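S.K.: Structure incoming, see below.
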Amino acid sequence: MAEEHSRPGVVLRFRDGGVVHGRLVGPFEPGDRTVEAVTEEGAQSSVPLDELKAIFFLKDPKRRVLEMEYGVKSGEEPPGAPARVVFQDGEIIHGRVVSYSMSDGGFFLYPTSKDSNNEKIFVVASALASLAIEG
(Lines give C-alpha, C1' and ligand atoms only; values in the text may rest on other atoms or scores of the structure.)
Protein backbone atom coordinates (compact mmCIF):
# COMPACT_ATOMS: atom_id res chain seq x y z
CA MET A 1 0.00 0.00 0.00
CA ALA A 2 2.91 2.40 0.61
CA GLU A 3 3.90 1.97 -3.04
CA GLU A 4 0.48 3.24 -4.14
CA HIS A 5 1.01 6.52 -2.29
CA SER A 6 4.45 6.96 -3.88
CA ARG A 7 2.82 7.17 -7.31
CA PRO A 8 2.20 10.70 -8.52
CA GLY A 9 -1.21 12.18 -7.87
CA VAL A 10 -2.79 13.25 -11.14
CA VAL A 11 -5.82 15.00 -12.49
CA LEU A 12 -6.99 13.77 -15.88
CA ARG A 13 -8.82 16.55 -17.71
CA PHE A 14 -10.97 15.33 -20.58
CA ARG A 15 -11.84 17.24 -23.74
CA ASP A 16 -15.54 16.98 -22.91
CA GLY A 17 -14.95 18.79 -19.60
CA GLY A 18 -14.79 15.70 -17.42
CA VAL A 19 -12.23 15.42 -14.62
CA VAL A 20 -10.82 12.35 -12.86
CA HIS A 21 -8.60 12.55 -9.76
CA GLY A 22 -6.32 9.64 -8.97
CA ARG A 23 -2.87 8.14 -9.20
CA LEU A 24 -0.95 6.64 -12.09
CA VAL A 25 -0.68 2.86 -12.18
CA GLY A 26 2.75 3.01 -13.85
CA PRO A 27 5.03 5.55 -15.45
CA PHE A 28 3.71 7.86 -18.16
CA GLU A 29 6.00 9.02 -20.96
CA PRO A 30 5.44 11.19 -24.02
CA GLY A 31 4.56 8.81 -26.83
CA ASP A 32 2.26 6.68 -24.65
CA ARG A 33 -1.17 6.34 -26.25
CA THR A 34 -3.06 5.51 -23.05
CA VAL A 35 -2.95 6.57 -19.43
CA GLU A 36 -3.39 3.93 -16.73
CA ALA A 37 -4.77 5.36 -13.50
CA VAL A 38 -6.54 4.38 -10.29
CA THR A 39 -9.25 6.84 -9.29
CA GLU A 40 -9.68 8.15 -5.75
CA GLU A 41 -12.57 5.69 -5.47
CA GLY A 42 -10.24 2.78 -6.30
CA ALA A 43 -11.41 2.05 -9.84
CA GLN A 44 -8.67 1.32 -12.36
CA SER A 45 -9.07 2.78 -15.82
CA SER A 46 -7.20 2.92 -19.09
CA VAL A 47 -7.87 6.21 -20.88
CA PRO A 48 -6.92 6.80 -24.52
CA LEU A 49 -4.77 9.93 -24.79
CA ASP A 50 -6.95 11.33 -27.57
CA GLU A 51 -9.85 11.66 -25.09
CA LEU A 52 -7.78 13.92 -22.84
CA LYS A 53 -6.96 17.60 -22.86
CA ALA A 54 -4.12 17.30 -20.34
CA ILE A 55 -2.68 15.32 -17.46
CA PHE A 56 -1.90 17.44 -14.41
CA PHE A 57 0.82 15.94 -12.20
CA LEU A 58 0.21 17.29 -8.70
CA LYS A 59 2.87 18.58 -6.36
CA ASP A 60 3.56 16.62 -3.22
CA PRO A 61 1.10 17.96 -0.60
CA LYS A 62 3.92 18.66 1.90
CA ARG A 63 5.78 20.72 -0.69
CA ARG A 64 2.60 22.63 -1.50
CA VAL A 65 2.08 23.54 2.18
CA LEU A 66 5.66 24.81 2.47
CA GLU A 67 5.27 26.95 -0.65
CA MET A 68 1.84 28.38 0.11
CA GLU A 69 1.84 28.78 3.89
CA TYR A 70 5.48 29.52 4.58
CA GLY A 71 6.68 31.02 1.30
CA VAL A 72 9.40 28.40 1.02
CA LYS A 73 10.54 28.06 -2.56
CA SER A 74 11.57 24.49 -3.22
CA GLY A 75 13.77 24.25 -6.24
CA GLU A 76 14.81 26.47 -9.07
CA GLU A 77 12.79 27.95 -11.88
CA PRO A 78 11.44 25.23 -14.17
CA PRO A 79 13.60 24.36 -17.19
CA GLY A 80 12.87 25.35 -20.78
CA ALA A 81 11.55 28.26 -22.79
CA PRO A 82 8.65 30.40 -21.54
CA ALA A 83 5.44 29.41 -23.32
CA ARG A 84 1.76 30.23 -23.53
CA VAL A 85 -0.61 27.32 -24.15
CA VAL A 86 -4.15 27.96 -25.39
CA PHE A 87 -6.48 24.97 -25.39
CA GLN A 88 -9.38 24.55 -27.82
CA ASP A 89 -11.80 25.28 -24.96
CA GLY A 90 -10.14 28.68 -24.40
CA GLU A 91 -8.20 27.86 -21.22
CA ILE A 92 -4.76 29.50 -21.14
CA ILE A 93 -1.79 28.22 -19.13
CA HIS A 94 1.66 29.77 -18.90
CA GLY A 95 4.75 27.72 -18.18
CA ARG A 96 8.01 26.51 -19.61
CA VAL A 97 8.53 23.93 -22.36
CA VAL A 98 11.74 21.92 -22.67
CA SER A 99 10.91 20.06 -25.89
CA TYR A 100 8.00 19.39 -28.20
CA SER A 101 7.39 16.66 -30.75
CA MET A 102 4.15 15.96 -32.61
CA SER A 103 5.05 12.27 -32.74
CA ASP A 104 4.92 12.16 -28.92
CA GLY A 105 1.27 13.22 -28.86
CA GLY A 106 2.08 16.19 -26.66
CA PHE A 107 4.64 17.73 -24.35
CA PHE A 108 5.34 18.60 -20.75
CA LEU A 109 4.66 22.14 -19.58
CA TYR A 110 6.23 23.22 -16.30
CA PRO A 111 3.99 25.83 -14.60
CA THR A 112 5.68 29.05 -13.55
CA SER A 113 2.90 30.40 -11.34
CA LYS A 114 3.91 30.28 -7.68
CA ASP A 115 0.30 29.38 -6.87
CA SER A 116 0.26 26.34 -9.15
CA ASN A 117 -0.73 23.04 -7.59
CA ASN A 118 1.02 21.22 -10.44
CA GLU A 119 4.55 19.88 -10.72
CA LYS A 120 4.12 19.52 -14.47
CA ILE A 121 1.36 19.19 -17.05
CA PHE A 122 1.32 16.87 -20.04
CA VAL A 123 -0.46 18.88 -22.73
CA VAL A 124 -2.13 16.70 -25.38
CA ALA A 125 -1.14 18.26 -28.72
CA SER A 126 -4.46 17.62 -30.45
CA ALA A 127 -6.29 19.54 -27.68
CA LEU A 128 -4.31 22.73 -28.41
CA ALA A 129 -5.57 25.81 -30.19
CA SER A 130 -2.08 27.38 -30.06
CA LEU A 131 1.34 27.22 -28.47
CA ALA A 132 3.46 30.35 -28.37
CA ILE A 133 7.06 30.47 -27.19
CA GLU A 134 7.49 33.76 -25.36
CA GLY A 135 10.85 35.38 -25.05
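S.K.: Checking the structure you have, find out if any residue of segment 20-37 is of a type in the set (Asp, Glu) and assigned to a strand (DSSP E or B). Steps first, answer last, please.
M.R.: In the first step, residues of segment 20-37 are kept if they are of a type in the set (Asp, Glu); the result is 29, 32, 36.
Filter once more, keeping what is assigned to a strand (DSSP E or B): 36.
Yes: segment 20-37 contains one or more residues that are of a type in the set (Asp, Glu) and assigned to a strand (DSSP E or B).
S.K.: Can you report the number of residues in segment 1-49 which are within 22 Å of residue 88 (Cβ to Cβ), of a type in the set (D, E, K, R), at pLDDT below 95 and surrounded by 10 or more Cβ atoms within 10 Å (Cβ to Cβ)?
M.R.: The qualifying residues number 1.
S.K.: Further question: Suppose we filter segment 83-135 for residues that are assigned to a strand (DSSP E or B) and surrounded by 13 or more Cβ atoms within 10 Å (Cβ to Cβ); how many remain? Even if it seems obvious, please write down each step before you answer.
M.R.: From segment 83-135, those assigned to a strand (DSSP E or B) are 83-87, 92-97, 101, 106-111, 118-124, 128-133; that's our starting set.
When the remaining residues are screened for being surrounded by 13 or more Cβ atoms within 10 Å (Cβ to Cβ), the result is 83-87, 93-97, 106-111, 118-124, 128, 131.
Qualifying residue count, segment 83-135: 25.
The values are calculated or read from the model by the stated rules, or taken from the named source; none is laboratory data. Quantities reported herein were computed from a predicted structural model and do not represent experimental measurements. Virtual Cβ from ideal backbone geometry, glycine too; neighbours counted across all protein chains shown.
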